[in-house]
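The values are calculated or read from the model by the stated rules, or taken from the named source; none is laboratory data. Keep in mind that what you see is a predicted model, and the values were worked out from it rather than measured. Keep in mind that these areas ignore ligands, DNA and RNA; they rest on the heavy atoms of the full protein, side chains included. Shrake-Rupley method; radii C 1.70, N 1.55, O 1.52, S 1.80 Å.
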Amino acid sequence: MAETTRDLASIHVIKDAKFVKGGMLTKIKSNGSEKRWEYALCAKTWYKVRPDGSKVEWQEEYSSIHSVEIDVEDTRRFLVWYYNGKKATKGYPALSSRSLQCAGEGERDDWLSTFKTLLTNYWHESLEATMVPAPEVYQWHLFVTGPAEACPQLLVLSTHLLRLARLPKPTQVVSAFETKFSDIASITRSKGDHSLTIATASKRVDIKTKDSIEALTVIAEIKRLVRMVAGYASPSLLLHFHGVNKTREDLHRSVCLWDNFSTDPHRRELAVDVKG
């Protein structure tokens, strides 16, 4: 691995892009066929290189990547989800994935950790330069889609505001919606299509996540920031399931497991509705 890394870092275009990590991985195609390639992760871009190091096959900026995650079908593999430039049903931007196989689970975890750190750093820097002005501090982001949007949207959470932006182009960010966390009245989650509705007293926004895990993560992150902005660790959270208020025991058995419930009547309740 050391020799491979040194060779990749010596390639001029990769060296100039601030090389971080590289090595040989196996690309798994949809038909099950396999081929070995060199891959390099840099500060803002990643590269696919011929095994002999003679040519860079392609390079992609991190702005085109939706997410990276474990491939549940094989513990040696991880998936890189990216926007393929096509439109899927109802105008949603279509996602494709690259399945990359490492020598073992430990190596896979190392690649995943490095890749996720680079993606977070990339968006942290980019969003604080464009959307999150001081004294706000970037907290988290997620690519989502809207009900009638033909381009990706970016949900951005800072220490002050929740923002939703459209991305007509990978490097172009257009503000579409923003609200203070203290103004969020409720969140409605649809189990059927992983969509969320975030509502304030005067407006609402609908978003759709890739899967139910992402939907629950959005709720958890908003919950964390609502608590932080309010200045206490455990706000009272009210979960309505099919329109019926459940007991604390029911909450713990539900899909959203909230801890440390508050009974302080002066603390604002954030309603999380689950439908479908």
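Here the extension length gained between His12 and Glu61 equals 15.9 nm, from 0.36 nm per residue of separation less the Cα-Cα distance. Could you sort out which of Lys35/Lys210; Lys15/Lys210; Lys48/Lys180; Lys21/Lys208; Lys116/Lys208; Lys44/Lys203 sit more than 30 Å apart by Cα distance in this structure? In this structure, Lys15/Lys210; Lys48/Lys180; Lys21/Lys208; Lys44/Lys203 exceed 30 Å between Cα atoms.
Here Asp52 sits with roughly 120 square angstrom of accessible surface, probe radius 1.4 Å. How large is the accessible surface per residue of the stretch 1-85, computed with a 1.4 Å probe and reported in Å² as a whole number? Counting only protein heavy atoms, the per-residue value for the stretch 1-85 is 54 Å². Sorting Tyr83, Tyr47 by accessible area puts them as Tyr83, Tyr47; the probe is 1.4 Å, largest comes first, and only protein heavy atoms count.
Would you please classify the overall shape of the stretch 30-90 from the alpha carbon gyration tensor, given that a ≥ b ≥ c denote the square roots of the eigenvalues, rounded means a/c under 1.5, and beyond that prolate means a/b larger than b/c while oblate covers the rest? Verdict is oblate for the stretch 30-90.
Ellipsoid fit via the Cα gyration tensor, the stretch 15-165: semi-axes of 28, 19, 15 Å, each the root of five times an eigenvalue, largest first. Rolling a 1.4 angstrom probe over the stretch 26-162 with all protein chains present gives an accessible area of which 49% lies on carbon and sulfur atoms.
With Cα atoms as the point set, the stretch 16-65 shows a radius of gyration and Dmax of 11.5, 35 Å.
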